[in-house]
Amino acid sequence: MQKMNFSLAAFALLPTLALAQPGGWNDPFPPHKVMDNVYYVGTTMLSSYLITTPEGHILLSSNYEASVPVIQAGVEQLGFNFKDIKILISGHAHPDHIEGDALVKELTGAEVIVGRLEVPDVQAFKHPKGKTQPIDRIVDEGETVSLGGMTLTAHVLPGHTKGCVAWSMPMTEAGKSYYGFFECSLNGQFLKYVGNTDYPGIVDDMRGSYQKAKTFPVEVFLSSHGVFYGLDAKYEKLQVRKPGDPNPFIDPAGYQSHVAEFEKIFLDTLAKQQAEAGK
């Protein structure tokens with residue numbers, strides 16, 4: 001298995017890395033079942049999730065265009081047909097989460113769903129191959145996406161991007177239902193807070209999103225980057241899991257700890273920028 005030897009500090013370089021496609025970020029990670037009909041089909045660093053239904057499938061996040069063949073191979077390795085993807089829920093408006101949207105659309109014809117507040121930045125994205133970013137449906141806070149008996153609910157958590165959208169859905173295992181949560185990103189380590197004329201409300205949005213994030217009764221914690229939810233360690237536990245052992249992805253404490261950690265990173269980064277600006 002490819003190990004993810006990345007720390008949170010690496011994300012301070014994301015504005016540059018997102019364009020440069022850092023080495024290893026598109027390397028395959030073993031595709032696997034998370035729970036019920038939810039599968040991980042992403043790369044070592046860029047999460048992508050397949051939700052299967054009798055009427056076709058939902059894909060969350062295409063990542064880089066170079067990630068798409070890895071995602072497709074993972075879907076097929078799990079025994080599903082990539083062309084059965086009917087809906088693509090676009091990731092947040094950074095290249096490492098949306099660059100592959102056009103290719104997924106070309107290969108599957110999937111309906112592409114984007115959060116309303118993300119639309120301007122998605123439309124402004126300059127695809128390295130000149131492709132137009134597909135947008136078929138725009139969603140707002142609390143709207144749902146349904147297919148084949150599965151329903152996901154949108155939760156807007158702005159800050160990391162202007163309209164970052166997380167998604168929740170019920171997941172079932174051994175007859176019990178769990179609150180599953182696909183986090184967008186609460187990472188504010190590299191963002192500009194002081195004098196950000198492009199996003200003047202970023203500080204208030206970040207504060208509000210951390211408070212909102214704390215209210216979700218998350219049980220199954222997933223995120224846009226595997227390193228945010230301990231994918232490596234949880235996958236290893238999954239491989240040695242015995243009947244009756246808990247599912248390692250059921251991690252409510254890990255979710256709350258993650259939110260607290262990233263809120264502290266935000267506050268520390270904000271304080272540092274304010275001190276440097278003499279405010």
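The values are calculated or read from the model by the stated rules, or taken from the named source; none is laboratory data. Not measured: the values here are computed from a predicted model. Cβ sites come from the backbone with ideal geometry, for glycine too, and all protein chains shown count toward neighbours.
Six or more apart or on different chains, Cβ under 8 Å: which pairs go from a residue in the stretch 240-258 that's touching a residue at least 12 places away in the same chain (Cβ under 8 Å) to one that's small (Gly, Ala, Ser)? Could you list them?
Hits for this filter: Pro248/Ala233; Asp251/Gly230; Gly254/Gly230; His258/Ser223.
Where in the stretch 77-178 are the strands (runs of 3 or more DSSP E), entirely inside, with at least 3 residues that are surrounded by 17 or more Cβ atoms within 10 Å (Cβ to Cβ)?
Where strands (runs of 3 or more DSSP E) fall fully within the stretch 77-178 and carry at least 3 residues being surrounded by 17 or more Cβ atoms within 10 Å (Cβ to Cβ), they are 85-89, 111-115, 150-156, 165-173.
List pairs: first in the stretch 102-113 and of a type in the set (S, T, N, Q), second not in a strand (DSSP E or B), Cβ under 8 Å, 6+ apart or cross-chain?
Filtered contacts from the stretch 102-113: Thr108/Phe82; Thr108/Lys83; Thr108/Asp84.
Out of Gly163, Gly188, which single residue is on the phi < 0 side of the Ramachandran plot, at pLDDT below 95 and touching a helix residue (DSSP H, G or I) at 6+ places or on another chain (Cβ under 7 Å)?
Answer to the selection: Gly188.
Take the stretch 166-185 and flag every residue that is of a type in the set (A, V, I, L, M, F, W, C), out of contact with any Gly (no Cβ under 6 Å at 6 or more places or on another chain) and at pLDDT 95 or above.
Ala166, Trp167, Phe181, Phe182, Cys184
When you go through Gly195, Gly230, Gly226 one by one, which is the residue that is small (Gly, Ala, Ser), more than 18 Å from Cys164 (Cα to Cα) and either free of Cβ contacts under 8 Å to residues at least 40 places away in the same chain or surrounded by 15 or more Cβ atoms within 10 Å (Cβ to Cβ) (or both)?
The unique qualifying residue is Gly230.
If the requirement is being touching a His at 6+ places or on another chain (Cβ under 9 Å), within 29 Å of Thr43 (Cβ to Cβ), outside any loop (DSSP other than H, G, I, E, B) and of a type in the set (Phe, Trp, Tyr), which of these qualifies: Phe216, Phe266, Phe221?
Only one candidate passes the filter, namely Phe221.
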